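Scroll down for the structure; my scribbles are underneath it.
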Amino acid sequence: MDLYTRSGDEGFTSLASGQRLSKADERVEAYGTVDELQAHLGFARALVCDADASLAADLKHIEERLYDAMAELAEAQEARITETDIQWLEEKIDQYAPGRFSFVVPGENVPSAALHVTRTVARRCERRIVTLSRTVTVAPELLTFFNRISDLCYAMACSAA
């Protein structure tokens, strides 16, 4: 099978259900931004994998959960992100930055800077999902999940600095 299908050449894409949507649709924008977040997480993981295996494993775990988040956003069927996912993120936030918050200027080192970029993309995901939720039902766990991912990326960035 060829990588290109030509089916999106006119600005439309297909969901797994076969439904065609404009590439500018709020649903496509939301799960597309999650895809972007996943790529940034992978980049950050590649930067830290030799120096911090535990951090790399946690980043990979988030990347894997994002597949379910994208599926949930794309198909709007059953909830795939659960309270258990949110609890895992909160435990990791406490692990990386226990009770610590301060404003920082990103860029102490490359891994920390990459995690700060990832944090901002996670915030954009959250905004895109809020926009989508104005027109379709979005599980509240999904919004909380992305809010916690950005918090965790902040905590990880501070830890990596």
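Computed from backbone phi with θ = phi - 60° and the Karplus coefficients 6.51, -1.76 and 1.60, the 3J(HN,Hα) list for the stretch 48-57 is 9, 4, 7, 8, 8, 5, 5, 4, 4, 5 Hz; x is used for glycine and proline.
Take residue 62: with every protein chain present and a 1.4 Å probe, its accessible area is about 0 Å². Surface composition of the stretch 73-161: carbon and sulfur atoms hold 51% of the protein heavy-atom accessible area at a 1.4 Å probe. Per residue, the stretch 29-98 exposes an accessible area of 49 Å² to a 1.4 Å probe, with every protein chain left in place. For residue 143, the solvent-accessible surface with a 1.4 Å probe is about 50 Å², rounded to the nearest 10. Segment residue 35..residue 51, full-extension length gain: 3.2 nm, with 0.36 nm per residue of separation and the alpha-carbon distance subtracted.
The values are calculated or read from the model by the stated rules, or taken from the named source; none is laboratory data. Treat the numbers as computed from the prediction; the structure is a model and nothing was measured. Accessible surface is based on the protein model in full, side chains and every heavy atom, while ligands, DNA and RNA are left aside. Shrake-Rupley method; radii C 1.70, N 1.55, O 1.52, S 1.80 Å.
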